[in-house]
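The values are calculated or read from the model by the stated rules, or taken from the named source; none is laboratory data. Keep in mind it's a predicted model, so treat the numbers as computed, not measured. Reconstructed Cβ throughout: ideal geometry from the backbone, glycine too, with neighbour counts over all protein chains shown. To get the accessible areas, we keep the full protein, side chains included, count just its heavy atoms, and leave off ligands, DNA and RNA. Shrake-Rupley method; radii C 1.70, N 1.55, O 1.52, S 1.80 Å.
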Amino acid sequence: YAQGNKSGVIPSKYKTVFHTIGGHETAHVKLLQGVLGAAAVKAPGVDFTAGGKYADVFENFDTFLALSQTFEDLGVAAYKGQAGNLVGSKEVLTVALQIHSVEARHASEVRRIGLRFGWDGAFDKPMSKAAVLKAATPFLA
């Protein structure tokens, strides 16, 4: 989101929204690092163009918005998919659920901006770690 705001791709009427979402994402990382401590993994490199497939991500708002929705939806599904694995750690589960609900709100807002419903149906589907990694891999540098 920081790159999107710096690039000028975001229309002025949405700058506050994406600046706020970006701030939330930074806060999520800090909170997760704090609760995970030494178990936290190093942030990977990111290629928002997915090897050039989305080369105009920081020039075309429609592309930026589509990728934002993709990442927000992926985040919601990822947290939901891992909740069962976190039951043994009340502290980590609590943090994950705090983030999950905000990610869902982000996803809904991004969808609204794109003139879509904030939901796909009555129930969200969780994603396994393997499915999340498969979806995210094209964006890892």
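Just a few scattered comments:
- Those residues of the stretch 125-141 which are open to solvent by 40 Å² or more (accessible area, probe 1.4 Å) and in contact with a helix residue (DSSP H, G or I) (Cβ under 6 Å, 6 or more places away or on another chain), in sequence order: Pro126, Met127, Ser128, Ala135
- Taking the stretch 1-50 as the range and being in contact with a strand residue (DSSP E or B) (Cβ under 8 Å, 6 or more places away or on another chain), open to solvent by 60 Å² or more (accessible area, probe 1.4 Å) and under 20 Å from Ala66 (Cα atoms) as the test, only Val46 passes.
- Only one of the listed residues (Ala104, Ala66) is in contact with a Gly (Cβ under 8 Å, 6 or more places away or on another chain) and open to solvent by 30 Å² or more (accessible area, probe 1.4 Å). That residue is Ala66.
- Scanning the stretch 116-125 turns up no residue that is part of a helix (DSSP H, G or I) and not small (Gly, Ala, Ser).
- The one condition from (1) under 23 Å from Ser108 (Cα atoms); (2) without any contact (Cβ under 8 Å) to a residue 40 or more places away in the chain that Val17 does not meet is (2).
- Odd one out for Ser108 among (1) more than 13 Å from the chain's Cα centre (by Cα); (2) free of Cβ contacts under 8 Å to residues at least 24 places away in the same chain: (1)
- Options Val110, Val95: the member that is closer than 25 Å to Lys53 by Cβ, surrounded by 18 or more Cβ atoms within 10 Å (Cβ to Cβ) and touching a Leu at 6+ places or on another chain (Cβ under 7 Å): Val110
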